[in-house]
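Only one structure is covered here, and it is reproduced in the block below.
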Amino acid sequence: MAAAGSAVGLGNIWKFPYIAGENGGGAFLIVYLLCVLLFGMPLVMTEFLIGKRSGKSAYGAFQELSGNNRWQWLSWLCMLTSFCIMGFYFVVTGWCFNYLMEAFVHVPSGLNMSDLSSHFAEVSADIPRMITFSLIPIFLTAAVLWFDVNKGIERMSKTLMPLLLVLMVLMAGRVLMLDGSNIGMRFFFQTDFSKITPTVIMEAMGQCFFSLSIGMGALITYGAYMPKGQNVTRTSIEVIVLDTMVALLAGLIIFPAVFAFGMDPAEGPQLVFVVLPAIFEQMSFSWFFSVLFFSLLCIAAITSTISLMEVAVAFVCEASHGKLNRKKSVLIVAALVVVLAVFNVLSITMFNISDEVTACIMMPVGALGMAVFVGWFLPRNGEKGVLDADKGIKRWAQKTYIAALRWLVPAAILLIFLNRLGVFR
Ligand code: PHE
């Protein structure tokens, strides 16, 4: 459940609809689902297995398993990716907290879309306000890591995640009753194959890595905490199915509403922050539902930021060889993240670059490294063998898993990169 908490977050509810909207809706969806099948299963399993077998975080795991330092660059890449993601992720979480507060006091944000759109522009350009709201989740995340209350958070998300799902189903139901919602359904589900360009494929791959939290070591940490008898294959499937369901539901809510309200689906990162308040205006008990939804969204974001920050904290703590204890490491990382978040508030260019480069380049490169590491360089069985870390896995599944890791995953990532660079044109 904790790993599902890491996976389910703003990636599903904020990023998925806006990236899908910019990349042709149905054309994007089909490529995205293919990416989840192709990359999701082998790579989520790989990170869990690396963690479970080594018992270490992304800092120590590669060294522990390989017995040398040649794979240490992967730990560095994980740490760097974690910082780059946190820089913009906390800003978006800040937007969520801002909208939660507004839902509470019910700031009349206007009924028509252009009012809502300019309200978002105003809010996001208000620098002191945005910095303040980004500090709240940074502080909360650091506090969870400082007091080591991960367990409590896990228990909390166990009950709140199903609640988020139920609420989203309700919202989708309401949105589907709006006039014109069928155009949105068509946009989201109808595949126009001519719209599948190299960029769409690259964006879908990036979104898949980002949404499933793969390629930067977050899931390695969770693997390290897994009890001995835990079935890794089943856990991986559960995380992937839950994450994909939330993304699909988000699409089912946003796109019908976008068309019913006469908006442009390619609006960009502000898409859901303009559409969601408009949806709540259409619902009865709008105050109750909007407060509930934004609360759950903030919690979903925090369960993701905990896993993000943990990668950096473990790195700083362990790389200092005991000179910095955990609490000091939390402070150092949090201080650096505050600086990064401020830069991301001040510069939309930095925000966009971090958002794009982490998902489409850094995470795929990290995942490629891990696939090659486990597929080609580690023994399969025995004391260091990753496969023996999962007792539940059947022989045919083992074979498929290893083949995917050795050939399919690396080849697909490389081909998608080359294709995007125009090599095949
Ligand atoms: N998967 C998270 C989300 O969808 C984001 C995330 C990425 C979390 C990488 C941890 C590591 O919001």
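The values are calculated or read from the model by the stated rules, or taken from the named source; none is laboratory data. It should be emphasised that the depicted structure is a prediction, and the values quoted were computed from it without experimental measurement. A quick note on method: Cβ atoms are made from the backbone with ideal geometry, for glycine too, and the neighbour counts reach across all protein chains shown. The area values use the complete protein model at the heavy-atom level, side chains included, leaving out ligands, DNA and RNA. Shrake-Rupley method; radii C 1.70, N 1.55, O 1.52, S 1.80 Å.
Whole-Hz Karplus values for the stretch 219-227 come out as 6, 4, 4, 5, x, 5, 8, 5, x Hz, taken residue by residue from phi with 6.51 cos²θ - 1.76 cosθ + 1.60 and θ = phi - 60°; glycine and proline positions read x.
Which order do peptides 84-93, 139-148, 155-164 fall in by mean Cβ count within 10 Å, highest first?
84-93, 139-148, 155-164
Is it possible to state the helix-based mean residue ellipticity at 222 nm for the chain, with each DSSP H run of 4+ residues giving -39500 (n - 2.57), the sum divided by total residues, to the nearest 500 deg cm²/dmol? What is it?
-23500 deg cm²/dmol, from helical runs alone.
Report the paramagnetic label zone for M1: residues of the stretch 224-247 whose backbone N is under 19 Å from a point 7 Å from Cα along the Cα-to-Cβ axis. Residues 224-232, 234-246 qualify, since their backbone N sits under 19 Å from the label point.
Going by accessible surface with a 1.4 Å probe and the largest first, H321, H119 read H321, H119. With all protein chains in place and ligands, DNA and RNA left out, the 1.4 Å accessible area ranks F280, F288 as F288, F280, largest first. Go through A250, H321, C84 and say which Cα lies farthest out towards the positive end of the charge dipole of the stretch 2-420; charges sit on Cβ, +1 for Lys and Arg, -1 for Asp and Glu. Most positive-ward Cα: H321. Distance from the Cα centroid of the stretch 243-266 to that of the stretch 292-352 is 29 Å (rounded to whole angstrom). Using only the Cα atoms of the stretch 256-300, build the gyration tensor, take square roots of its eigenvalues as a ≥ b ≥ c, and label the shape rounded, prolate or oblate: rounded if a/c is under 1.5, else prolate if a/b is larger than b/c, else oblate. It comes out oblate by the Cα gyration axes. Expressed per residue, the C-alpha convex hull volume of the stretch 250-396 stands at 225 Å³. Taking all protein chains together and rolling a 1.4 Å probe, R129 ends up with roughly 70 Å² accessible.
Expressed as a fraction of 2.2 N^0.38 Å, the value expected for a compact globular protein of N residues, the C-alpha radius of gyration of the chain is 0.95. Per-atom-type breakdown for the chain gives carbon and sulfur 68% of the accessible area (1.4 Å probe, protein chains only). Toward the positive end of the charge dipole of the chain, with +1 on the Cβ of Lys and Arg and -1 on the Cβ of Asp and Glu, the farthest Cα among S181, M1, G262 is that of M1. Once the 1.4 Å probe is applied to the protein heavy atoms, the chain comes out at 41 Å² accessible per residue. Applying the Kirkwood pairwise sum to the alpha-carbon positions of the stretch 288-356 produces a hydrodynamic radius of 14.0 angstrom. The HN-Hα couplings worked out from phi for the stretch 134-144 by the Karplus form 6.51 cos²θ - 1.76 cosθ + 1.60 (θ = phi - 60°) are 6, 5, 4, x, 5, 4, 4, 5, 4, 5, 4 Hz, whole numbers, x standing for Gly and Pro.
On alpha-carbon atoms, Rg over Rh for the stretch 101-219 using Kirkwood Rh?
Dividing the radius of gyration by the Kirkwood radius yields 1.02.
Each label was represented as a point 7 Å from its Cα along the Cα-to-Cβ direction; for R129 and D179 these points are 3.3 nm apart.
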